[in-house]
Amino acid sequence: MSMPEFDSYDALDLAELVRTRQVTALELVDEVIERLETVQNSVHPLAIEHFEMARTRAREPLPEGPLAGVPWLMKNLLLMAEGTVTSNSLTFLAQAVAPHDSEMVRRARAGGMILVGKTNVPEFGYCISTEPAMYGPTRNPWNLERVAGGSSGGSAGAV
């Protein structure tokens, strides 16, 4: 599926498309994955992909939350999603699997959002640019010679 108009929708609009059965949650997840795959090698916004987990979730019945079916990316910093690695871009946490959902993640899931991946961040968020040794740099999408700044560099690159 290709949704050229995808960029004109916000999260509430996407949820409305799912609610009114104009698209399925799986179609939205696949659209986001396709877009991420297009920029991952050049911009590198993602540290951790959860593509198959997202597709599986999109095929299941969704909760009746306000954002049911909306794909989302989570910052790979402090927040935990049960059963997934939350490394904070620190090599000594490379195998740290979250034992439970953080409250924000629990609320996002209860609202119907579908986790697609975790965005790249500097080591523990303590750097002015997103260049962690563990995952490599996130590039500025407008100038690939530069890196994305701040602890939300992966998020900015994904947008």
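The values are calculated or read from the model by the stated rules, or taken from the named source; none is laboratory data. All figures in this text were calculated on a predicted structure; none of them were measured in a lab. So basically every Cβ, Gly included, is an ideal-geometry build from the backbone, and we count neighbours across all protein chains shown. In case anyone asks, the SASA skips ligands and DNA or RNA and just uses the protein heavy atoms, side chains included. Shrake-Rupley method; radii C 1.70, N 1.55, O 1.52, S 1.80 Å.
Points to keep in mind about this one:
- Debye, to nearest 20: dipole size of the stretch 59-154, +1 on Lys, Arg Cβ, -1 on Asp, Glu Cβ: 120 debye
- Toward the positive end of the charge dipole of the stretch 1-154, with +1 on the Cβ of Lys and Arg and -1 on the Cβ of Asp and Glu, the farthest Cα among PRO66, PHE51, VAL97 is that of VAL97.
- Segment GLU5-GLU64, extension gain: residue separation times 0.36 nm, minus the distance between their alpha carbons: 18.8 nm
- Among complete DSSP H helices in the chain, those whose alpha-carbon atoms stretch at least 15 Å along the helix's long axis and whose mean Kyte-Doolittle hydropathy reaches -1.0 are 25-40.
- With every protein chain in place, the chain: carbon and sulfur % of accessible area (1.4 Å): 55 percent
- Whole-angstrom Cα spans of the stretch 42-159 along principal axes, big to small: 43, 31, 21
- With contacts taken as Cα pairs under 8 Å at a separation of at least 6 residues, the stretch 103-159 carries a relative contact order of 32 percent.
- Computed log₁₀ I(q)/I(0) - Debye formula, equal Cα scatterers, no solvent, the stretch 1-108, q 0.24 Å⁻¹: -1.43
- Heavy-atom accessible surface of the stretch 52-159, averaged per residue, reaches 52 Å², computed with a 1.4 Å probe.
- Tensor-based shape of the stretch 115-154 (alpha-carbon gyration tensor, a/c under 1.5 rounded, otherwise prolate or oblate): oblate
- Projecting label points 7 angstrom from Cα along Cα→Cβ for ARG146 and THR24 puts them 4.2 nm apart.
- Check: the stretch 1-79 dipole with +1 on Lys, Arg Cβ and -1 on Asp, Glu Cβ, in debye: 240 debye
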